[in-house]
């Protein structure tokens with residue numbers, strides 16, 4: 001199983017990415033950040049293809065907030081809402 005994760009920082013930024021182990025990815029990212037990071041949400045997907053498609057669509061929804069390297073200038077809640085909106089389109 002593959003996942004799309006939303007990780008947020010206390011500085012009002014979030015990262016949307018793909019990982020089989022989101023908690024481990026959080027630990028990796030935390031080592032390189034001054035502010036605390038939290039795992040805001042995990043979307044469980046049926047395989048890598050579905051995960052990368054969802055990630056791509058969330059990135060599109062958040063494009064106006066892009067900072068680069070899958071980071072966005074918005075709170076994690078906003079990224080989660082974008083993901084839920086994308087998933088509703090597929091239902």
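Assigned to a strand (DSSP E or B) and in contact (Cβ under 8 Å) with a residue 12 or more places away in the chain: is that true of residue 17 in this structure?
In short, yes.
Would you say residue 54 is touching a residue at least 12 places away in the same chain (Cβ under 8 Å) and closer than 11 Å to residue 3 by Cβ?
So residue 54 passes the test.
Tell me, please, whether a residue that is over 16 Å from residue 2 (Cβ atoms) and in contact (Cβ under 8 Å) with a residue 40 or more places away in the chain can be found in segment 31-44.
Yes, the conditions are met somewhere in segment 31-44.
Could you list, in sequence order, the residues of segment 35-91 that are touching a strand residue (DSSP E or B) at 6+ places or on another chain (Cβ under 9 Å), assigned to a loop (DSSP other than H, G, I, E, B) and surrounded by fewer than 15 Cβ atoms within 10 Å (Cβ to Cβ)?
35, 36, 46, 47, 69, 73, listed by residue number.
Within the bounds of segment 21-41, is there any residue that is under 12 Å from the mean Cα position of the chain (by Cα) and under 13 Å from residue 87 (Cβ atoms)?
Checked segment 21-41: at least one residue is under 12 Å from the mean Cα position of the chain (by Cα) and under 13 Å from residue 87 (Cβ atoms).
Each value in this text was obtained by applying a stated rule to the coordinates, not by laboratory testing. Keep in mind it's a predicted model, so treat the numbers as computed, not measured. Positions of Cβ are generated from backbone atoms using ideal geometry, with glycine treated the same way; all protein chains shown enter the neighbour counts.
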